[in-house]
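The values are calculated or read from the model by the stated rules, or taken from the named source; none is laboratory data. If you're wondering where the values come from, they're calculated on a predicted model, not measured in any experiment. A quick note on method: Cβ atoms are made from the backbone with ideal geometry, for glycine too, and the neighbour counts reach across all protein chains shown.
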Amino acid sequence: MQVSDHSPADAPAHTGMGQTVAKVILFGEHSVVYGYPAIALPLAGLRMIARVEPADGPATLTCLGWSGPLRQAPARLASVVRAVDAALEHVGRPDARLHVTTVADFPPERGLGSSAAAAGAVIRAVLDAFDTPADAEDLFELTQAAERVAHGHPSGLDATATASTAPIRFEAGRTEPIAIDVPAWLVVADSGVHGSTRETVGHIRERHEIDPQGTDPLLADLGRIARDAETALRDGDAAAIGELMDAAHARLAALGVSDTHLDALVATARDAGALGAKLTGGGRGGCVIALAESRPAAERIAQALEGAGARRSWVHAPQAREAAA
Ligand code: PMV
């Protein structure tokens, strides 16, 4: 008797959906990996949606510009494949036949958290397709399993922020919501250059091993800046936040994770009237963020950034104001 590799039970009974969002790190990228606090803002308008459908044959994946058999996905999608596998293991159906598709409003490899967002959305869609509930801790652990493939030793900040609906403070694995009511607007601009978080995290790790005395003070400074920013964000002190963004960018550049494009965009934002600007996320490519005192100022800065070569820009209203805008 011939035994089939798959039983009908291997396909989910219905379509499953999952959703996460992009995030920006306001303060604390890289230093967060060393246990210092970080502050991140989910960008509700930039969504990552995953859909899981029953399939007749082997699993397929359509994600971040690639489509084909899941088992033949390129290395850059290894973390998404891990996310599918981790979720299938969680639901006890490791060989399930399914089509996994993700659609994103934002580009990958730009420091906006696309790898964690894709993993988180796919995991939620698989769980939904198999009607398996999961609590926040399960979802975080499953996403971290995928993020370890993407980054090596992720802090967990991206996994948390891309699944959040409110700004968060993250420190040594602990997350708290943070109230932000600042009379200012945030411009996010994409340099168009692909960044590799694995590479920049690795660069700082090596630097730290070779030159701890030169590296530790920069990481500690970033930690102090994030703490000061927390107070300024709570107090709604936009000028102070801008200055802290400038200070953070200088430390990140000194750590070697900025590049000429990002430095030029940060300078352009400041010349166009930003209260402060910095790279966001892994760096060496990816995005910059700039703080503006009003929506018209934010639009001027966004225009200047696009004029200086940014591929795209988004203007984001801080939480409390967004509802009123
Ligand atoms: O580049 P992104 O969006 O993946 O952000 C990475 C954040 C880092 O602090 C550099 C790494 C981490 O694990 O927190």
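Odds and ends about this structure:
- Taken over region 207-235, residues that are under 18 Å from V32 (Cβ atoms) and of a type in the set (D, E) amount to 4.
- So G45, is it under 23 Å from L186 (Cα atoms) and more than 16 Å from the ligand (Cβ to nearest atom): yes
- H261 vs. criteria surrounded by fewer than 22 Cβ atoms within 10 Å (Cβ to Cβ), assigned to a helix (DSSP H, G or I) and within 16 Å of the ligand (Cβ to nearest atom): yes
- I39 being touching a strand residue (DSSP E or B) at 6+ places or on another chain (Cβ under 6 Å), modelled with pLDDT of 95 or more, within 16 Å of the ligand (Cβ to nearest atom) and not small (G, A, S): yes
- Some residue of region 17-26 being touching a residue at least 12 places away in the same chain (Cβ under 8 Å), within 16 Å of the ligand (Cβ to nearest atom) and of a type in the set (K, R): yes
- In region 94-116, residue nearest to L77 (Cα to Cα) [restricted to those that are in contact with a Ser or Thr (Cβ under 6 Å, 6 or more places away or on another chain) and within 9 Å of the ligand (Cβ to nearest atom)]: S115
- Where strands (runs of 3 or more DSSP E) sit wholly within region 145-202, those with at least 1 residues that are in contact with a Leu (Cβ under 6 Å, 6 or more places away or on another chain) occupy 168-171, 185-190.
- Hits in region 36-54 (condition: small (G, A, S) and out of contact with any Ser or Thr (no Cβ under 9 Å at 6 or more places or on another chain)): G45
- Of everything listed in (1) small (G, A, S); (2) more than 30 Å from I178 (Cα to Cα); (3) crowded, with 19+ Cβ neighbours inside 10 Å, the single unmet condition for A75 is (3).
- The condition of being farther than 26 Å from L279 by Cα, of a type outside the set (G, A, S), in contact (Cβ under 8 Å) with a residue 60 or more places away in the chain and in contact with a Pro (Cβ under 8 Å, 6 or more places away or on another chain) holds for only one of R97, R71, that being R97.
- Restricting A119, A136 to residues that are touching a Lys or Arg at 6+ places or on another chain (Cβ under 9 Å) and farther than 25 Å from A310 by Cα narrows the list to A119.
- Among the residues making up region 251-286, a single one is touching a Leu at 6+ places or on another chain (Cβ under 6 Å) and basic (K, R): R251.
- Residue, farthest from A22 (Cα to Cα), within region 299-319, restricted to residues that are among the aliphatic types (A, V, I, L, M) and within 22 Å of the chain's Cα centre (by Cα): L305
- Each residue in region 18-48 was checked for being under 10 Å from the mean Cα position of the chain (by Cα) and within 17 Å of E171 (Cα to Cα), and 6 pass.
- For region 132-184, a residue qualifies if it is of a type in the set (D, E), away from the ligand (no atom under 12 Å from the Cβ) and in contact (Cβ under 8 Å) with a residue 12 or more places away in the chain, and the qualifying residues are D138, D181.
- Looking across region 225-279, the residues that are over 30 Å from Q213 (Cα atoms) and basic (K, R) come down to R234, R270.
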